[in-house]
Amino acid sequence: MDDLLVRARQLTVKFARGQGYVHAVSGVDFDLRQREVLCILGESGSGKSVTLRALMRLNPPSKTIMSGTLSVGGHDVVAASEHRMSALRGPFVSMIFQDPMTSLDPVFTIGQQITETIKRHERIGGSAARMRALNLLELVQIPSPKRRLDAYPHELSGGLRQRAMIAIALSCRPKLLLADEPTTALDASVQIQILFLLREIQQEMGMGMIFVTHDLGVAGEIADRIAVMYAGRFIEEGPVESLMQAPLHPYARGLLGATVHEGSRGSRLVTIPGAPPDLRHLTDACAFAPRCGEAEPVCLEQLPEFRRPVPGRAARCVHVKDRSSATAETVSVGSVG
Amino acid sequence: MIFYIIRRILYAIPIALAVSLVCFMLVHIAPGDPIDAILPPDASAETVAMVRKDYGLDKPLPVQFGLWLGHVVQGDFGLSLANRRPVLNELKVAAGRTFLLASTAAVLGFVIGCVLGGVAGVFRGSLADRMAVGFAVAGISVPHYWLGMVFVIIFSVVLGWLPAIGAGPGEWAWNWLHIRHLILPAVTLSVIPAGLVTRTVRGVVLEILSQDFVTTLRGKGLRSLMLAVHVIKNAAPTSIAVMGLQLGYLMGGSILVETVFAWPGTGMLLNQAIFQRDIPVLQGTTLVLAMIFVTLNLAVDLVQTALDPRMRRA
């Protein structure tokens, strides 16, 4: 298990709000190996960004309560001191944020924002750090990088800013790169460039990557594995090809049906009726059941465990046959959806 | 950048003209004839006419304004009606004293405001935050001439630590004999800017800390000290702008405090000039104060432009 970058077991994140709690993440299990790309797919408020931030413990410290097991590179993120965490951020794990317009400090130059990160974590001189920054801007393919080093964020276009953001995230050669919807705020044409750049760099540097998105197309482009998240839980997990072709969970099928993708040509797009549940009052039932066309009485009573019809795939739905318990029946997952 | 500075300086010229016109008008519109203040009530009509002619007060107002402006441009503010001394000399001394008082109060207020506002912003909702906000509200609301009198009662009358009036003997010098005269008026005058800056800095810090880039900075593993540098650099333009404008108000608004402490600055000069109907002193002082205000505004804009890269292209 030496190549395990992330190990999460029953990871729970809740935020104090008024009298009660918002249960943003309620019991998430996953592993991430080196060089692996996991894509967490879900709609707004499903807890995907919170899960990602939990990996670096970047959720607002005063309001956040984390529990469960979460180890990143062997470090216990739930229990580590703030001092230890800050030493980890940058050289071991770093994040690319969603909106490059607001995620860069407007009154510091791009070069300053890269070099301060390098200087924080390494014993390095000013000119050497600047050289590294220049190389990083070349790595993320920013044209005329020397000039851009002294540019302020507002002087760059959205795409260039996101490239600069990536350069900052890469500045201390992290082993794990987290990306929080890094292409959502960008033009469609720029999105695909950034996506290809990220995949290229991820493979070149051999990083593990967790990519959060609500865009199925993006997920299909970059991921090895996909985890679909709903109301703070992973409800389906599997390799990208099989999950995209034949999702197991009704919610995942709904997501696919509501999106334009290769398989959907000619057919009507279908929306999922209803809205996600209120995360302040979460019950121990399948959270999707109230919106699900295939729901049965048992769905409203208890949370289904993960069922594994084939090795490597899993879904929390009573309709999915569990290979371990299914003895005589033949499971025909491929035909669903 | 240089073109911007030149443009801003050129903009200041029409403002200065308008300000001097208003100064002139106000003084002349105000009721009361300056002649009454110079001559005894039983002076003959010929004497009155002669004096009126001597001072140029018999000419139409636009002509008087033209003549006055012509002299002012050459640095000649005329002679005081009350004591026949050149206005310029008195003004220089008084403006210097007022500037000393106002800038000391401004520095004091700025430092207090930054510390309190910064602490309040970082530790929002804490006891320190509530105390800082309370202080800020009190500082802005308390009438400072009243506060000045309270200070005099406590520190001069009861405790006898500090002098109640004046600016010390003779010319100003940086020694304890003079500085002890400065303390009470400066502290009194600093309360309003301290309150304002506290509120401003608190708001700005809260706003900055809620922004996405702070999460980015934390995500880079930066230590609190480096985070503070980022927050300060982001907060500086707004805070300095507020303080710069406050300094302008302090220069003109210290009249009451100067009167309470008998501080021989422009406030006291104006006060005397008003009661003596000393038109040249009144006009000159108002104009100089207004010009200082305009200049400070200009300086604030330039400093802000220098500090905030986003404003440089504007």
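What does the average come to when, for each residue of peptide A:107-114, you count the partner chain Cβ atoms lying within 10 Å of its Cβ?
3
Just B:Lys220, B:Lys59, B:Lys92 to compare: in a GNM of chain B, with alpha carbon springs under 10 Å, which one fluctuates most?
Per the Cα network of chain B with a 10 Å cutoff, B:Lys220 tops the list.
If R0 is 22 Å, what FRET efficiency do you get for B:Ile29 and B:His71 from their C-beta distance, rounded to 0.05?
Approximately 0.55, to the nearest 0.05.
Can you quote the Å³ per residue value for the convex hull of the Cα atoms in region B:151-302, rounded to an integer?
For region B:151-302, the hull spanned by Cα atoms encloses 161 Å³ per residue.
Quick one: net charge around B:Glu46, please, counting Lys, Arg +1 and Asp, Glu -1 for every other residue with C-beta under 11 Å from its C-beta.
That works out to +2.
If you build a Gaussian network model of chain A, linking Cα atoms that sit under 10 Å apart, which residue out of A:Cys317, A:Cys292, A:Cys172 swings the most?
A:Cys292
Starting from the Kirkwood radius over alpha-carbon pairs of the protein assembly as shown, derive D by Stokes-Einstein at 4 °C in a medium of 1.567 mPa s and give it in µm² s⁻¹.
After rounding, the answer is 43 µm²/s.
Sorted by packing (mean other beta-carbon atoms within 10 Å per residue), highest first, where do B:261-271, B:287-297, A:126-136 land?
B:261-271, B:287-297, A:126-136
Which residue, B:His181, B:His230, B:His144, tops the fluctuation ranking in a GNM of chain B built on C-alpha contacts under 10 Å?
Highest fluctuation among the options: B:His230.
Please express the Cα-Cα pair-distance distribution P(r) of chain B as a list of whole percents, one per 10 Å bin, running from 0 to the bin with the greatest distance.
Bins of 10 Å from zero give 6, 21, 26, 23, 15, 6, 2, 1, 0 percent of pairs.
In a solvent-free Debye calculation with one equal scatterer on each Cα, what is log10 I(q)/I(0) for region B:2-73 at q = 0.26 Å⁻¹, listed in the order of the q values?
For the requested q values the scattering log ratios are -1.20.
Hey, what number do you get for the protein assembly as shown at 222 nm if only DSSP H runs of n ≥ 4 count, each worth -39500 (n - 2.57), divided across all residues, to the nearest 500?
So the helix-based figure for the protein assembly as shown works out to -16500 deg cm²/dmol.
Given 0.36 nm per residue, what is the gain on full extension from B:Phe123 to B:Trp176 after removing their alpha carbon distance, in nm?
Taking B:Phe123 through B:Trp176 to full extension adds about 15.3 nm, to one decimal.
Read-outs: derived from the displayed coordinates by stated rules, not from any lab. This structure is a prediction, so every number in the text was calculated from the model and none was measured. Here the Cβ is made from the backbone with ideal geometry for all residues, glycine too, and neighbour counts use every protein chain on show.
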